[in-house]
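Chemist: Structure provided below as structure tokens; questions to follow.
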Amino acid sequence: MQTPSGHPVAPAPGARLVVLASGGGSNLAALLAAHDDGAYGARVVGVVSDKPAAGALDLARDAGVASVVVAPGDFDDRAAWNVGLADAVDVFRPDWVVLAGFMRILAPSFLTRFPGRVVNTHPALLPSFPGAHGVRDALTYGVRVTGCTVHVVDDGVDTGPIIAQATVPVLDDDDESSLHERIKVAERALLVETVGRVAREGLRVDGRRALVG
Ligand code: GAR
């Protein structure tokens, strides 16, 4: 684990969000754009990545939000990495942990540290097309409508209770990149809206159903 970079965590009104991201961070950027509005009810207090080169870390730095890299290669094995990751997230005392393009599976040892408080955004209409290639798999299958899903994380791969979904049509000339870009537009709006509602109103999980409020 590298030492935290960026600025110290500031006292935050509302719910404390820790965002885990592996990539460019457009979903993180949308949350950062929303959190300055006091009425939003939630604030990103920390960003954690498994990749030192993740663009999300630059976004965090630019926004004055503390960030930390917890790279699997710095740990003996996946079990130790999960503990290290949970420790790094815990430092920020999160109310909610948001996986926004975090491309690794979290072990139960991580999830039990934040029970029912880890949510993920996925670029497909779950339960269809889980996993790392949701956009490609939907395109290859030939669906005419796909979209994005915000769900509670359980110990399966994209199997947790669904909080919200949005649809995106597949166009005849779409390739993976063009379709993903359109999904991301819908995804950013859905994630910001859903995380805000969950932070302000709370979340109840009843079997397979996740209900805000
Ligand atoms: C998002 O579309 C997110 O749903 C996806 O990675 C992208 C990250 O974009 N996550 C997964 O596929 C997880 N299985 P971003 O880095 O620009 O936010």
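The values are calculated or read from the model by the stated rules, or taken from the named source; none is laboratory data. The structure displayed is predicted, hence computed values, not measured ones. When we count neighbours, we look across all protein chains shown, and the Cβ atoms used for this are built from the backbone with ideal geometry, even at glycine. To get the accessible areas, we keep the full protein, side chains included, count just its heavy atoms, and leave off ligands, DNA and RNA. Shrake-Rupley method; radii C 1.70, N 1.55, O 1.52, S 1.80 Å.
Chemist: What are the pairs with Cβ atoms under 9 angstrom where one residue, in the stretch 132-144, is more than 8 Å from the ligand (Cβ to nearest atom) and among the polar types (S, T, N, Q) and the other, located anywhere, is open to solvent by 40 Å² or more (accessible area, probe 1.4 Å) and in a loop (DSSP other than H, G, I, E, B)? Sequence gap at least six, or different chains.
Modeler: Thr140/His133
Chemist: Is the stretch 75-96 home to any residue that is β-branched (Val, Ile, Thr), surrounded by fewer than 18 Cβ atoms within 10 Å (Cβ to Cβ) and either more than 15 Å from the chain's Cα centre (by Cα) or at pLDDT 95 or above (or both)?
Modeler: Narrowing the stretch 75-96 to residues β-branched (Val, Ile, Thr): 83, 89, 91.
Subsequent filtering for residues that are surrounded by fewer than 18 Cβ atoms within 10 Å (Cβ to Cβ) retains 83, 91.
Next, only the ones that are either more than 15 Å from the chain's Cα centre (by Cα) or at pLDDT 95 or above (or both) stay: 83, 91.
The answer is yes; a qualifying residue exists.
Chemist: Working only within the stretch 33-45, note down all residues that are within 16 Å of the ligand (Cβ to nearest atom) and either under 24 Å from Arg104 (Cβ atoms) or among the charged types (D, E, K, R) (or both). Let's see the steps before the verdict.
Modeler: Filtering the stretch 33-45 for residues within 16 Å of the ligand (Cβ to nearest atom) gives 33-35, 44.
Listed by number, the list holds a single entry, Val44.
Chemist: Taking Ala60, is it at pLDDT 95 or above, within 12 Å of the ligand (Cβ to nearest atom) and small (Gly, Ala, Ser)? Reasoning before the result, please.
Modeler: Working: at pLDDT 95 or above: yes; within 12 Å of the ligand (Cβ to nearest atom): no; small (Gly, Ala, Ser): yes.
No; evaluated as a whole, the condition is false for this residue.
Chemist: Moving to a separate point now. Scan the stretch 13-32 for residues that are away from the ligand (no atom under 12 Å from the Cβ) and more than 15 Å from Asn120 (Cα to Cα) and jot them down.
Modeler: Looking only at the stretch 13-32, we keep the residues that are away from the ligand (no atom under 12 Å from the Cβ), and these are 13-18.
Hits for the stretch 13-32 are Pro13, Gly14, Ala15, Arg16.
Chemist: Of all residues in the stretch 97-131, how many are in contact (Cβ under 8 Å) with a residue 40 or more places away in the chain and under 13 Å from the mean Cα position of the chain (by Cα)?
Modeler: Here the count works out to 14.
Chemist: So which helices (runs of 4 or more DSSP H) are wholly in the stretch 100-213 and hold at least 1 residues that are open to solvent by less than 70 Å² (accessible area, probe 1.4 Å) and over 29 Å from Pro52 (Cα atoms)?
Modeler: Numbers: elements: 108-111, 134-141, 176-201.
The qualifying helices (runs of 4 or more DSSP H) are 134-141, 176-201.
Chemist: Another one. Restricting attention to the stretch 26-53, which residues are touching a strand residue (DSSP E or B) at 6+ places or on another chain (Cβ under 9 Å), farther than 11 Å from Ala199 by Cβ, part of a helix (DSSP H, G or I) and not hydrophobic (A, V, I, L, M, F, W, C)?
Modeler: Asn27
Chemist: Only residues in the stretch 165-189 that are β-branched (Val, Ile, Thr) count as the first member; pair them with residues that are surrounded by fewer than 19 Cβ atoms within 10 Å (Cβ to Cβ), Cβ under 7 angstrom, at least 6 apart or cross-chain, and list the lot.
Modeler: Thr167/Val145; Val168/Arg182; Val168/Ala186; Val170/Val143; Val170/Arg144; Val170/Val145
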